[in-house]
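Heads up, the thing below is written out as structure tokens.
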Amino acid sequence: MNTIERTFVMIKPDAVQRGLIGEIIQRFERAGLKIIAMKMVLATKQQVEDFYPKDKEWFETVGTKTTKAYQEAGLDVKKTFGTTDLEKIGRIIKGWLIDFITSGPVVAMVIEGNHAITKVRNIVGYTDPLSASPGTIRGDLTSDSIALGNIMARAAVNLIHASSNPKDAEHEIKVWFKESELLKYKRCDEDIVLGNFLKK
Ligand code: ADP
């Protein structure tokens with residue numbers, strides 16, 4: 001089994017505008033993860049539409065997280081969305097998300113490392129900054145919440161996107177980067193980070 005993975009990360013417009021690019025990248029670099037591609041882009045609506053999943057399951061997952069945040073905040077989902085149908089709620093949120101991601105430049109990158117997909121998600125933290133643990137990017141660096149976002153009919157402004165699983169990572173990397181833009185190099189601390197020095 002090969003535990004070295006690649007994952008896609010996007011620093012969202014709120015983080016770029018708050019000058020948090022360096023702080024966010026530093027958290028990945030110091031965890032021993034390697035940035036193998038990076039660019040700043042102003043995304044089109046179509047690019048973001050293609051980037052986020054189109055399957056029923058994803059819409060339902062987003063709808064489930066929303067319903068949970070609403071229940072916890074004592075709010076009525078039906079009042080905001082006009083429905084309790086999880087898929088329909090997910091579709092409305094995707095529209096908000098497209099408006100958010102295209103509102104300003106983002107930084108797209110590919111990160112490689114040991115269990116990179118899970119490791120990066122752990123550093124990023126939970127979707128709703130209100131429930132994201134301290135120590136994570138979303139827990140430490142923002143105080144927005146899903147409930148406030150929904151009251152204002154906008155996406156949760158949560159600084160960053162990171163792939164959820166290997167299938168999504170493969171798709172997301174392809175939306176933003178050509179194979180030739182993924183670069184190979186060795187970090188000087190790689191053997192120490194991965195414990196390889198013990199075999200030498
Ligand atoms: P994650 O970014 O943690 O993988 P999702 O894939 O579920 O989360 O959702 C994608 C993005 O959509 C989130 O990062 C957030 O910006 C926005 N979002 C998700 N759910 C909601 C919601 N209920 N209300 C507002 N925005 C949401």
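The values are calculated or read from the model by the stated rules, or taken from the named source; none is laboratory data. Since this is a predicted model, take the numbers as computed values, not measurements. Glycine also receives a Cβ, built like all others from the backbone with ideal geometry; neighbour counts cover every protein chain displayed. Protein only, heavy atoms only, side chains kept; ligands, DNA and RNA dropped before computing areas. Shrake-Rupley method; radii C 1.70, N 1.55, O 1.52, S 1.80 Å.
Results, tabulated for the structure shown:
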| item | result |
| --- | --- |
| Residue count for region 65-102, restricted to those that are within 9 Å of the ligand (Cβ to nearest atom) and among the polar types (S, T, N, Q) | 2 |
| Segments classed as helices (runs of 4 or more DSSP H), wholly inside region 1-76, with at least 3 members that are more than 15 Å from residue 169 (Cα to Cα) and touching an Asp or Glu at 6+ places or on another chain (Cβ under 8 Å) | 56-73 |
| Yes/no for residue 30 being within 30 Å of residue 195 (Cα to Cα), touching a Pro at 6+ places or on another chain (Cβ under 6 Å) and either more than 10 Å from the ligand (Cβ to nearest atom) or without any contact (Cβ under 8 Å) to a residue 24 or more places away in the chain (or both) | no |
| Pair list, Cβ under 7 Å, 6 or more apart: region 131-157 residue more than 23 Å from residue 48 (Cα to Cα), other residue within 9 Å of the ligand (Cβ to nearest atom) and basic (Lys, Arg) | 132/138 |
| Of all residues in region 1-60 being closer than 20 Å to residue 102 by Cα and of a type in the set (Asp, Glu), the one that is least open to solvent (accessible area, probe 1.4 Å) | 14 |
| Filter result for the condition that a residue is at pLDDT 95 or above and acidic (Asp, Glu), over 72, 87, 57, 49 | 87 |
| Exclusive hit being outside any helix (DSSP H, G or I) and over 25 Å from residue 47 (Cβ atoms), set 164, 133 | 133 |
| Qualifying residue in region 138-154 (condition: more than 17 Å from residue 27 (Cα to Cα), open to solvent by 20 Å² or more (accessible area, probe 1.4 Å) and in a helix (DSSP H, G or I)) | yes |
